[in-house]
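The next block holds one structure in the form of structure tokens; read it before the comments.
The values are calculated or read from the model by the stated rules, or taken from the named source; none is laboratory data. In this text the structure is predicted, and so the values were computed from the model without any measurement. We place every Cβ from the backbone using ideal geometry, glycine too, and count neighbours over all the protein chains shown. Each accessible area value is taken on the protein alone, full model and side chains, heavy atoms only, with ligands, DNA and RNA left out. Shrake-Rupley method; radii C 1.70, N 1.55, O 1.52, S 1.80 Å.
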Amino acid sequence: MAPDPVPTPGPASAQLRQTRYFTWEEVAQRSGREKERWLVIDRKVYNISDFSRRHPGGSRVISHYAGQDATKALTDEFRELRATVERMGLMKANHLFFLVYLLHILLLDVAAWLTLWIFGTSLVPFILCAVLLSTVQAQAGWLQHDFGHLSVFGTSTWNHLLHHFVIGHLKGAPASWWNHMHFQHHAKPNCFRKDPDINMHPLFFALGKVLPVELGREKKKHMPYNHQHKYFFLIGPPALLPLYFQWYIFYFVVQRKKWVDLAWMLSFYARIFFTYMPLLGLKGFLGLFFIVRFLESNWFVWVTQMNHIPMHIDHDRNVDWVSTQLQATCNVHQSAFNNWFSGHLNFQIEHHLFPTMPRHNYHKVAPLVQSLCAKYGIKYESKPLLTAFADIVYSLKESGQLWLDAYLHQ
């Protein structure tokens, strides 16, 4: 279902003969802040007020482009690159790859339980079990990401079903929540108030090089941002999952009445409770659960932020889609470990340009993307894993200093 063109006054025969022109000011006034929303594609104006509610990615995703030109405008070469990628078969998944990946997660899950059942519940088996379960949770997180992007099966039905199974039954989180958050992130990565992944600005962190200066000039100080590279280690990686996501996801599904998601989530909690309670008792089970969430949170935050936090963060400047993706993403060098550890999100540039591409093909399209970037003078950044982690801290320190300078002197 496509959005409707903006109607022009007069009878239908007159509309065929006449072209109605709008100014960008008129388009910008229909930006989604009011009930009416317009969108420009290939210099044609569409009224998406009704269509936004039917958009498969959710109303917020397409509404982020309301009042703007949503045309892919880097060059015709990106469209040609996309066509080339499809002809090469790089958008088709190797089902055996994903089957093996799922089986390795399930085997680790079983190994975690067997560790306690065979070796007992003393400290060493307990810690080993926690590490194995944390690995299960992290790797299931990367796998649900594949199904959520519809990159495994040719039909959305099977992708959605397996997405519910992996994120709901294996992880205890709602698919609808992930879709709501993640699709917005891909529509406008690192765009303030449009990408929910940077919602920690300005309440907890000052991000990028532009936004901290704005905060400083406005004399806003929600936190001592000049120390954010230090307190990141306290409220960032260790706390995001156990102290926020773990509770917010229940509020999300109840508030939005996502009862199917809630059922999948409860199946996870029932399974893990009845599996480990007989071995550990209530206190031991709760201790294990929160240690697992703590370890998983560190893994998740460092991997997901290494590709975005050090990159360009700003208000939405209505830049073309390809440039928006490239300026907000960087890669981490390919290796067998890096690919596994990050779920192939070390190829963040390729993932954002081809979000439905199966991850095992990222390395094949990477040279083509590099050539396109080199031809048009666009920076294609790739770095070692530990450097990527360090750059998160360095960028937070730089942003905090920019805020402090503006706060004190501007």
Checklist outcome for this item: Filtering the range 176-191 down to residues that are more than 12 Å from Ala328 (Cα to Cα) and either open to solvent by 30 Å² or more (accessible area, probe 1.4 Å) or within 13 Å of the chain's Cα centre (by Cα) (or both) yields Trp177, Trp178, Asn179, His180, Met181, His182, Phe183, Gln184
Checklist outcome for this item: Per the filter on the range 305-336, residues touching a Gly at 6+ places or on another chain (Cβ under 9 Å), among the polar types (S, T, N, Q) and surrounded by fewer than 22 Cβ atoms within 10 Å (Cβ to Cβ) are Asn318
Next on the checklist: For the condition surrounded by 17 or more Cβ atoms within 10 Å (Cβ to Cβ) and among the aliphatic types (A, V, I, L, M), what is the one hit in Leu243, Leu203, Leu234, Leu211?
Outcome noted: Leu211
Checklist outcome for this item: Only one of (1) farther than 25 Å from Tyr407 by Cβ; (2) outside the structural domain of Trp264 (by the TED database) does not apply to Asp195, and that is (1)
Next on the checklist: Being of a type outside the set (Lys, Arg), in a helix (DSSP H, G or I) and open to solvent by less than 50 Å² (accessible area, probe 1.4 Å) is true for just one of Tyr276, Tyr251. Which residue is that?
Outcome noted: Tyr276
Checklist entry - For the range 90-106, what are the residues that are within 21 Å of Ile272 (Cα to Cα) and surrounded by fewer than 12 Cβ atoms within 10 Å (Cβ to Cβ)? => result Leu103
Item to check | Filter pass, Val136 being crowded, with 21+ Cβ neighbours inside 10 Å, within 16 Å of Leu288 (Cα to Cα) and without any contact (Cβ under 8 Å) to a residue 40 or more places away in the chain | outcome: yes
